[in-house]
1. Out of the residues in segment B:121-136 meeting the condition of being surrounded by 15 or more Cβ atoms within 10 Å (Cβ to Cβ), in contact (Cβ under 8 Å) with a residue 12 or more places away in the chain and not basic (Lys, Arg), tell me which one is farthest from B:GLY68 (Cα to Cα).
2. How do the helices (runs of 4 or more DSSP H) wholly within segment A:104-183 filter down when requiring 1 or more residues that are within 16 Å of A:MET201 (Cβ to Cβ), modelled with pLDDT of 95 or more and over 17 Å from the mean Cα position of the chain (by Cα): which remain?
3. Within segment B:179-188, can one find any residue that is without any contact (Cβ under 8 Å) to a residue 24 or more places away in the chain, farther than 20 Å from A:VAL118 by Cβ and more than 7 Å from every other protein chain (Cβ to nearest Cβ)?
4. What number of residues within segment A:148-199 satisfy the criterion of being of a type in the set (A, V, I, L, M, F, W, C) and more than 17 Å from A:PRO86 (Cα to Cα)?
5. Keeping to segment A:17-42, report how many residues are surrounded by 13 or more Cβ atoms within 10 Å (Cβ to Cβ), touching a helix residue (DSSP H, G or I) at 6+ places or on another chain (Cβ under 6 Å) and more than 14 Å from chain B (Cβ to nearest Cβ).
6. In segment A:107-129, what residues are touching a Ser or Thr at 6+ places or on another chain (Cβ under 8 Å) and under 20 Å from A:ALA22 (Cβ atoms)?
7. Would you be able to tell me the number of residues in segment B:48-99 that are among the polar types (S, T, N, Q), open to solvent by less than 40 Å² (accessible area, probe 1.4 Å) and over 14 Å from B:MET201 (Cβ atoms)?
8. Does at least one position in segment A:142-154 carry a residue that is more than 7 Å from every other protein chain (Cβ to nearest Cβ), touching a Gly at 6+ places or on another chain (Cβ under 9 Å) and touching a residue at least 60 places away in the same chain (Cβ under 8 Å)?
There are 2 protein chains.
Amino acid sequence: MARKTKDEAERTYHALLNAATALFIKQGIAKTTLNDIATAAGMTRGAVYWHFDNKDAVIRALWDRNAGTLHARFNQELLNLDPENPEQHFRQAIKSIVQNIVSEPELGEAIHIVMHCVEFTDEQTELQRYLRDKRSELHNALEKALTVLQKRKALHTSLSPALLAQGMICYLYGLIHNHLEPGKAVLDLRKNGDALLDLFMDSLFV
Amino acid sequence: MARKTKDEAERTYHALLNAATALFIKQGIAKTTLNDIATAAGMTRGAVYWHFDNKDAVIRALWDRNAGTLHARFNQELLNLDPENPEQHFRQAIKSIVQNIVSEPELGEAIHIVMHCVEFTDEQTELQRYLRDKRSELHNALEKALTVLQKRKALHTSLSPALLAQGMICYLYGLIHNHLEPGKAVLDLRKNGDALLDLFMDSLFV
DNA sequence: TATTATACATTCAACAATGTATGTAAATGG
DNA sequence: CCATTTACATACATTGTTGAATGTATAATA
């Protein structure tokens, strides 16, 4: 076939990722073949194998594209809490994570796929290790932020920052997981996210 | 092949479920073939197809066997809180859910598989609908329990019981999900479960 | 004890999915 | 304007997996 412009190639790259996203959400990763992705994007499997090594690489690429920058941004934000008012900054940072997810569809879709469609097994694949590292980055940032708050005597509980970070991560994970659930969204995080997060964080701070 | 005793047949049934459980956790559902399960149990695929319709039926059966009764029990317990001291009963019921999961390996394995290995997609399979119904049973029970507590003026927050139930479910889900994560268990729920649950529930009650 | 249902094993047909190899025409760089 | 690389499409070989059909020896049953 005829060679495409760099621009055109990039457009098919994104078309492939978009098609993959939609198919993964609709019918799952296991049931989605590389041919499904290609034809849904108006291409053939040759295009998929040109841009990606295999199905896992597609998943990783779509995570990078749709969640990578935001992930890094939150990471940085938690590591650099405003010294003037770290507690308010922390609360706002946590809330904005949720608000970003509910307001940016592509970000929500990427997290949806990672939470509801990727299998996490004992024999870890490269993809699983990659995603695990991403989450542990966030966890470390959270723990450091809570440690800063503890040193500022801002924490109201006797539990360790490490443990509080675990609880916080679990709560966040559960809220987002529930909100992104397929079918009727049983939990409207856009409306109730702040209230539910404050409910938890009120138990952390003085 | 020779026909087996009813007793022997039931033993192979359980052997198949045990083999399936171990394989699903180790290498995932998608990568585990029915032949894998059979040979791991010392049988052939014929045995699997005799006891189960397909792979999804295996998953459903192992959930029923390992989590079914406990699920029903907690359901009932939440719907019949001790009128003498409903708050303490509620707190204890929630804690015992977690304690059961961390102390009963087979229960933990079943939930592990459902949480980490089953894909949840828009086009729901029969298995997905089954699991979704189970969770909504638990959700309804939780919401009713919290409604009872609200009528008793035991709730400390202005948020609705429905919303609190959502938050509670999400927190529980996150904690259990994290605890059952493959690889090094980053969160030791056996040691810290009660403290983390009290942290949250303290924000609910007076 | 004769019959029937059971608990599998074995075999087969069908196809689906992957990875790779090869073809190709146009874009790009010098 | 020529050589080379790019961005795919096409074709192929291989392999895996499912579902169903069939076989069969024995346990259960009456």
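1. For segment B:121-136, the residue satisfying everything is B:THR125.
2. A:126-151, A:161-179
3. Yes; the residues of segment B:179-188 include at least one that is without any contact (Cβ under 8 Å) to a residue 24 or more places away in the chain, farther than 20 Å from A:VAL118 by Cβ and more than 7 Å from every other protein chain (Cβ to nearest Cβ).
4. Total satisfying the criteria: 16.
5. Looking only at that region, the number is 7.
6. Within segment A:107-129, A:GLU109, A:ALA110, A:ILE113, A:HIS116, A:CYS117 meet the criteria.
7. The number of residues fulfilling the criteria is 2.
8. Among the residues of segment A:142-154, not one is more than 7 Å from every other protein chain (Cβ to nearest Cβ), touching a Gly at 6+ places or on another chain (Cβ under 9 Å) and touching a residue at least 60 places away in the same chain (Cβ under 8 Å), which makes the answer no.
The values are calculated or read from the model by the stated rules, or taken from the named source; none is laboratory data. Bear in mind that the values here come from a model prediction, so they are computed numbers and not experimental data. No Cβ is skipped: glycine too gets one built from the backbone with ideal geometry, and neighbour counts run over all protein chains shown. Ligands, DNA and RNA are excluded from the accessible area calculation, which covers all protein heavy atoms including side chains. Shrake-Rupley method; radii C 1.70, N 1.55, O 1.52, S 1.80 Å.
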